[in-house]
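The values are calculated or read from the model by the stated rules, or taken from the named source; none is laboratory data. Remember, predicted model here, so these are calculated numbers, not experimental data. Here the Cβ positions follow ideal geometry from the backbone for every residue, glycine too, while neighbour counts run over all protein chains shown.
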Amino acid sequence: MDESAILTRTRTYVRDTFLYMRPGFALGDRDRLLQRGVIDSMGVMELIGFLKSEFGVVVADEEITEQNLGTLADIARYVAGKRGNGGRTGGGGGEG
Amino acid sequence: MCGLAGVARHEPRGVSVETLDRMAAVLRHRGPDGCGRYAGARVGLAHVRLSIIDVAGGAQPLGNEDGSVLVVYNGEVYNYLELQAELAAAGHRFRTRSDTEVLVHAYEEWGTAMLDRLNGQFAFAIYDRRKETVLLARDRFGVRPLFYSVAHGDLFFASEAKALFASGEVEAAPDPVGLDQVFTFWAARPPRTVFRGVHALEPGCFAVWRDGALRHGRYYELDYPEGRDESPEALPALDRLLGSSVALRLRSDVPVGGYLSGGLDSSISCALAARESPFALRTFSVTFDDPRLDEREFQLLVAGQLNSRHFVRAIGPGDVAAVFPNVVWHAESPLVRTAPAPMYLLARLTREHDIKVVLTGEGSDELFLGYDLFKETALRLFCLRQPQSRSRPRLFDRLYPYLDPRGRRGDFWRRSFLEAGPPDDPLFSHLPRFLLTSRIKDFYSADLRATLADVDPLQELRAALPPRFAAWSPLNRAAYLEMVTLLSPYLLSAQGDRMSLAHGVEGRYPFLDHRLFEFSARLPTQSKLRGLREKAILRRWARHVVPPAVRQRPKQPYRAPDIPAFFSPEPVDYVRELLDERSPARSGLFEPQTVAALVQRCRTGAATGFRESQAVVAVVSAELWYRQFIANTAPSRGSLAPLPQPDVALEDGVAALS
């Protein structure tokens with residue numbers, strides 16, 4: 001699965017899960033999920049559960065960063081990176 | 001413990017016995033042991049009684065020597081023996097041993113200044129027939145309820161709003177602003193309620209009805225004159241106060257039991273009760289099938305140490321669904337959590353074992369900073385003082401250990417706390433909770449949104465804060481907000497008074513003795529929250545009272561099944577009907593298509609988070625509430641047995657009350 005397919009699935013998931021009750025809400029792929037109130041601290045947990053069940057990506061504690069999960073585009077890049085190298089290392093930083 | 005109701009006319013056209021009996025009948029669960037009434041030209045009073053003190057002599061309405069002052073009263077004044085001695089020395093003659101009669105004479109002696117002298121949990125109405133006034137008053141923290149409404153120029157008052165509607169003269173209509181407060185704070189903010197024109201008397205307040213007008217006063221204000229250092233006298237003082245508070249709360253002519261959650265607070269109150277009580281203590285607990293919610297291990301540990309007779313009610317998801325319509329009927333409000341349901345079942349268990357008075361631990365978390373919310377506030381401030389620090393935010397990972405560990409760590413999780421609000425906002429501590437709860441509003445209908453377009457419950461709360469608020473420390477501000485937005489209007493009412501009195505069980509709260517509150521408010525913050533250790537001074541004090549395993553365990557929040565209560569995975573029958581977008585009795589509060597999407601996600605197991613579980617509870621409870629109170633399409637309550645022969649039946653012209 002390439003990055004754009006991951007992005008499409010993640011976008012659908014976020015819409016169906018966090019935004020179905022806000023039908024007029026326009027969310028761009030580079031909008032910050034926390035700042036725009038799409039995801040809160042509880043939503044982070046749900047999102048991480050989704051990444052595991054949908055893409056088989058286990059998010060390590062140190063990878064739960066704004067850089068990896070901040071926007072839909074960030075998530076797609078991070079997940080594609082994890083899958084691309086067998087999920088052995090994080091797809092992009094994190095403060096550790 | 002009891003229920004009261006009454007009417008005060010602006011003209012002397014009488015209050016009928018039938019009206020009073022209808023109002024009393026819907027409160028029967030609060031006082032199954034007896035009833036009484038006074039029907040006069042201007043004022044009518046009704047009372048249903050749960051006999052606890054002076055079982056033989058305490059029937060109400062009760063009057064003074066010449067019948068010129070009458071009282072109906074719900075609650076306990078624990079220092080009544082001391083007040084009785086003081087009043088007797090001043091020349092008052094007592095005919096009973098009841099705390100009720102103390103109120104009458106205290107009113108005669110001191111007027112409304114009497115309120116400062118009462119240590120207890122109470123709501124009452126005193127009719128002064130000479131002055132033609134009615135005094136309504138409520139205890140300092142709002143343990144006992146009192147609602148009122150002015151309709152057609154007359155005053156109606158009662159322990160529960162349903163009695164106002166039973167008069168036939170007060171209309172039950174939704175108050176959209178009150179409902180919006182429920183979906184922000186978990187409860188409407190007194191004096192507002194979820195019913196238009198129905199008000200809750202605020203804790204620590206009184207009101208006097210005279211010449212067709214109601215004038216309000218406050219006799220008690222929360223204050224936090226925080227000390228710089230902990231006095232060496234603090235621990236002995238805490239010991240004396242807790243001992244005295246429990247001893248006063250064991251004053252009863254019937255046996256007193258204890259609710260035992262397995263946490264520190266109920267363990268303390270039960271341990272002190274076991275030590276002080278002349279009766280063998282009986283303790284009562286709920287356990288949960290879901291191990292994430294269950295605390296039985298700690299309950300059994302404490303019960304074993306106290307050698308109490310311990311009774312348990314196991315709660316599964318089906319139990320919550322089965323009683324939830326009754327829970328809403330008694331709570332009289334939409335809810336955002338199912339947590340009142342197990343409390344309803346716990347009270348039923350207690351009553352089945354012939355206990356009608358229980359000690360319970362509420363209030364301690366507010367006084368001694370027990371909740372995670374206080375730690376979260378302290379941490380957010382700590383981090384925001386040094387925004388560049390990378391190590392400080394890691395402390396957030398130690399919060400909420402009971403939540404799913406997935407995602408409960410890392411920068412993203414930490415940032416969600418730091419972006420939750422600026423520290424100069426008076427509501428800083430509570431913004432994360434208020435904003436999370438407000439996500440329920442995503443399900444509002446277009447009509448409700450339009451009605452509430454200019455309403456901002458957060459701004460209204462900011463504007464209602466007392467002038468002293470700004471001078472308090474951030475954690476005391478948080479404690480104050482917790483007391484006024486959650487403790488009184490939700491924990492002590494929807495989850496407290498209304499659930500226990502549904503079964504004629506009176507809860508008593510040793511931590512809500514105002515002397516103990518004032519002691520805690522003077523303590524420096526670090527005596528309460530030391531680092532991330534909550535209730536520090538209480539833990540130190542409890543060393544010889546509570547088993548180490550209970551004393552050292554972190555605070556466990558009390559939660560109950562929510563979505564699994566109503567979907568398994570198909571909705572239980574009444575929920576299917578309530579949430580059906582074709583249902584003709586729908587409240588119109590929520591958008592049918594959005595609710596249908598929520599239902600679909602519950603049925604497929606996709607809805608697992610806080611936002612959706614609180615939305616399910618909110619929508620189900622609001623639809624039940626609407627049908628029960630507004631549309632009157634709910635099935636008959638079935639609990640309206642005819643009132644028994646009254647113990648007291650007074651009418652105008654009766655000079656002496658014997």
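Please state which one of B:Asp116, B:Asp128, B:Asp139, B:Asp66 is more than 22 Å from B:Ala5 (Cβ to Cβ) and modelled with pLDDT of 95 or more.
Details: B:Asp128 fails: more than 22 Å from B:Ala5 (Cβ to Cβ); B:Asp139 fails: more than 22 Å from B:Ala5 (Cβ to Cβ); B:Asp66 fails: modelled with pLDDT of 95 or more.
After ruling out the rest, the residue left standing is B:Asp116.
Please verify whether B:Ala85 is over 22 Å from B:Asp128 (Cβ atoms), modelled with pLDDT under 90 and surrounded by fewer than 21 Cβ atoms within 10 Å (Cβ to Cβ), treating the condition exactly as stated. Give the derivation first.
Details: over 22 Å from B:Asp128 (Cβ atoms): yes; modelled with pLDDT under 90: no; surrounded by fewer than 21 Cβ atoms within 10 Å (Cβ to Cβ): yes.
Taking the combined requirement at face value, the residue does not satisfy it.
Return the residue satisfying two criteria in turn: it lies in the stretch A:52-71 and is of a type in the set (A, V, I, L, M) and surrounded by 23 or more Cβ atoms within 10 Å (Cβ to Cβ), and of such residues it is farthest from the other protein chains (Cβ to nearest Cβ). Outline the logic, then answer.
Kept after step one, since they are of a type in the set (A, V, I, L, M), are these residues of the stretch A:52-71: A:57-60, A:64, A:69.
Adding the requirement that they be surrounded by 23 or more Cβ atoms within 10 Å (Cβ to Cβ) leaves A:59, A:64, A:69.
Working: A:Val59: 7, A:Ile64: 3, A:Leu69: 5 Å.
Per the criteria, the residue is A:Val59.
Kindly indicate the residue of the stretch B:33-52 that is in a strand (DSSP E or B) and among the hydrophobic types (A, V, I, L, M, F, W, C) and also nearest to B:Ala125 (Cα to Cα) among those meeting that condition.
Keep residues of the stretch B:33-52 that are in a strand (DSSP E or B), which gives B:34-39, B:43-49.
Narrowing further to those that are among the hydrophobic types (A, V, I, L, M, F, W, C): B:35, B:39, B:43, B:45-46, B:48.
Details: B:Cys35: 16, B:Ala39: 14, B:Val43: 11, B:Leu45: 8, B:Ala46: 10, B:Val48: 14 Å.
Filtering the stretch B:33-52 for residues that are in a strand (DSSP E or B) and among the hydrophobic types (A, V, I, L, M, F, W, C), the one nearest to B:Ala125 (Cα to Cα) comes out as B:Leu45.
Checking B:Asp454 against (1) away from chain A (no Cβ under 11 Å); (2) in contact (Cβ under 8 Å) with a residue 40 or more places away in the chain, which single condition isn't satisfied?
It fails just one condition, (2).
Pairs under 8 Å by beta carbon, first residue within 7 Å of chain B (Cβ to nearest Cβ) and in a loop (DSSP other than H, G, I, E, B) in the stretch A:28-44, partner buried (at least 21 other Cβ atoms within 10 Å of the Cβ) and of a type in the set (Phe, Trp, Tyr), six or more apart or different chains?
Listed by first residue and then by second, the contacts come to A:Leu34/B:Phe412.
Among (1) aliphatic (A, V, I, L, M); (2) within 26 Å of B:Thr184 (Cα to Cα); (3) at pLDDT 95 or above, which single condition is B:Leu349 missing?
Failing condition for B:Leu349: (2).
Please list, ordered by residue number, the helices (runs of 4 or more DSSP H) wholly in the stretch B:338-440 having 2 or more residues that are out of contact with any Gly (no Cβ under 7 Å at 6 or more places or on another chain), more than 14 Å from chain A (Cβ to nearest Cβ) and surrounded by 22 or more Cβ atoms within 10 Å (Cβ to Cβ).
Numbers: elements: B:340-352, B:364-367, B:372-385, B:410-418, B:431-437.
By residue number, B:340-352, B:364-367, B:372-385.
Quick one: is B:Val182 more than 18 Å from the chain's Cα centre (by Cα), farther than 26 Å from B:Leu103 by Cβ and not in a strand (DSSP E or B)?
Details: more than 18 Å from the chain's Cα centre (by Cα): no; farther than 26 Å from B:Leu103 by Cβ: yes; not in a strand (DSSP E or B): yes.
Answer is no for this residue.
Take B:Ser252 and tell me if it is assigned to a loop (DSSP other than H, G, I, E, B), hydroxyl-bearing (Ser, Thr, Tyr), modelled with pLDDT under 95 and closer than 30 Å to B:Leu475 by Cα.
On the way: assigned to a loop (DSSP other than H, G, I, E, B): yes; hydroxyl-bearing (Ser, Thr, Tyr): yes; modelled with pLDDT under 95: yes; closer than 30 Å to B:Leu475 by Cα: no.
Against the criterion (assigned to a loop (DSSP other than H, G, I, E, B), hydroxyl-bearing (Ser, Thr, Tyr), modelled with pLDDT under 95 and closer than 30 Å to B:Leu475 by Cα), B:Ser252 does not qualify.
Where residues in the stretch B:507-535 are among the small types (Gly, Ala, Ser) and in a helix (DSSP H, G or I), which of them is surrounded by the fewest Cβ atoms within 10 Å (Cβ to Cβ)?
The first filter runs over the stretch B:507-535 and keeps only residues among the small types (Gly, Ala, Ser), leaving B:507, B:520-521, B:527, B:531.
Narrowing the set further to residues that are in a helix (DSSP H, G or I) leaves B:520-521, B:527.
On the way: B:Ser520: 25, B:Ala521: 18, B:Ser527: 24.
Filtering first and then ranking leaves B:Ala521.
Would you check which residues across the stretch B:517-529 are over 11 Å from B:Phe368 (Cβ atoms) and among the charged types (D, E, K, R) and list them?
Within the stretch B:517-529, B:Glu518, B:Arg522 qualify.
B:Glu82: among the charged types (D, E, K, R) and within 23 Å of B:Asp652 (Cα to Cα), yes or no? First the steps, then the outcome.
Details: among the charged types (D, E, K, R): yes; within 23 Å of B:Asp652 (Cα to Cα): no.
Taking the combined requirement at face value, the residue does not satisfy it.
Would you mind listing the strands (runs of 3 or more DSSP E) fully within the stretch B:74-156 where at least 1 residues are within 21 Å of B:Ile52 (Cβ to Cβ)?
On the way: elements: B:120-128, B:133-138, B:147-151.
Output list reads B:120-128, B:133-138.
How many residues does the stretch B:297-334 hold that are without any contact (Cβ under 8 Å) to a residue 40 or more places away in the chain and of a type in the set (Val, Ile, Thr)?
Total satisfying the criteria: 2.
Being more than 7 Å from chain A (Cβ to nearest Cβ) and either of a type outside the set (A, V, I, L, M) or not in a helix (DSSP H, G or I) (or both) is the filter; apply it to the stretch B:592-605 and report the residue that is farthest from A:Leu47 (Cα to Cα).
Only one residue tops the list, namely B:Pro592.
Based on what the data block shows, is B:Val170 in contact (Cβ under 8 Å) with a residue 60 or more places away in the chain and either out of contact with any Cys (no Cβ under 9 Å at 6 or more places or on another chain) or among the small types (Gly, Ala, Ser) (or both)?
Considered against the rule, which asks whether it is in contact (Cβ under 8 Å) with a residue 60 or more places away in the chain and either out of contact with any Cys (no Cβ under 9 Å at 6 or more places or on another chain) or among the small types (Gly, Ala, Ser) (or both), B:Val170 comes out as no.
Within the stretch B:157-177, how many residues turn out to be hydrophobic (A, V, I, L, M, F, W, C) and in a helix (DSSP H, G or I)? Walk me through how you get there before you give the answer.
Applying the first criterion (hydrophobic (A, V, I, L, M, F, W, C)) to the stretch B:157-177 yields B:157-158, B:161, B:163-166, B:170, B:172-173, B:177.
Imposing the further condition that a residue be in a helix (DSSP H, G or I) reduces the set to B:161, B:163-166, B:177.
The qualifying residues number 6.
Can you pull out every residue in the stretch B:168-187 that is surrounded by fewer than 24 Cβ atoms within 10 Å (Cβ to Cβ) and farther than 26 Å from B:Arg433 by Cβ?
Within the stretch B:168-187, B:Gly168, B:Glu169, B:Glu171, B:Ala172, B:Ala173 meet the criteria.
What's the number of the only condition in (1) under 25 Å from B:Val256 (Cβ atoms); (2) at pLDDT 95 or above; (3) surrounded by fewer than 21 Cβ atoms within 10 Å (Cβ to Cβ) that B:Gly304 fails to meet?
Among (1) under 25 Å from B:Val256 (Cβ atoms); (2) at pLDDT 95 or above; (3) surrounded by fewer than 21 Cβ atoms within 10 Å (Cβ to Cβ), the lone unmet condition for B:Gly304 is (2).
Take the residues in the stretch A:5-27 that are in a loop (DSSP other than H, G, I, E, B) and touching a Phe, Trp or Tyr at 6+ places or on another chain (Cβ under 6 Å), then tell me which one is nearest to the other protein chains (Cβ to nearest Cβ). Working first, answer last.
Let us first name the residues in the stretch A:5-27 that are in a loop (DSSP other than H, G, I, E, B), namely A:19-27.
Then drop every residue that is not touching a Phe, Trp or Tyr at 6+ places or on another chain (Cβ under 6 Å), which leaves A:19, A:21.
Numbers: A:Leu19: 9, A:Met21: 4 Å.
Per the criteria, the residue is A:Met21.
Please tell me if B:Arg449 is within 13 Å of chain A (Cβ to nearest Cβ) and at pLDDT 95 or above.
Working: within 13 Å of chain A (Cβ to nearest Cβ): yes; at pLDDT 95 or above: yes.
Taking the combined requirement at face value, the residue satisfies it.
Got at least one residue in the stretch B:470-482 being at pLDDT 95 or above, part of a helix (DSSP H, G or I), out of contact with any helix residue (DSSP H, G or I) (no Cβ under 6 Å at 6 or more places or on another chain) and within 14 Å of chain A (Cβ to nearest Cβ)?
no
Name the residue, out of B:Thr287, B:Thr360, B:Thr283, that is within 27 Å of B:Lys162 (Cα to Cα) and polar (S, T, N, Q).
The conditions single out B:Thr360.
Would you check which residues across the stretch B:525-554 are closer than 21 Å to B:Pro474 by Cα and of a type in the set (Lys, Arg) and list them?
Hits for the stretch B:525-554 are B:Lys528, B:Arg530, B:Arg533, B:Lys535.
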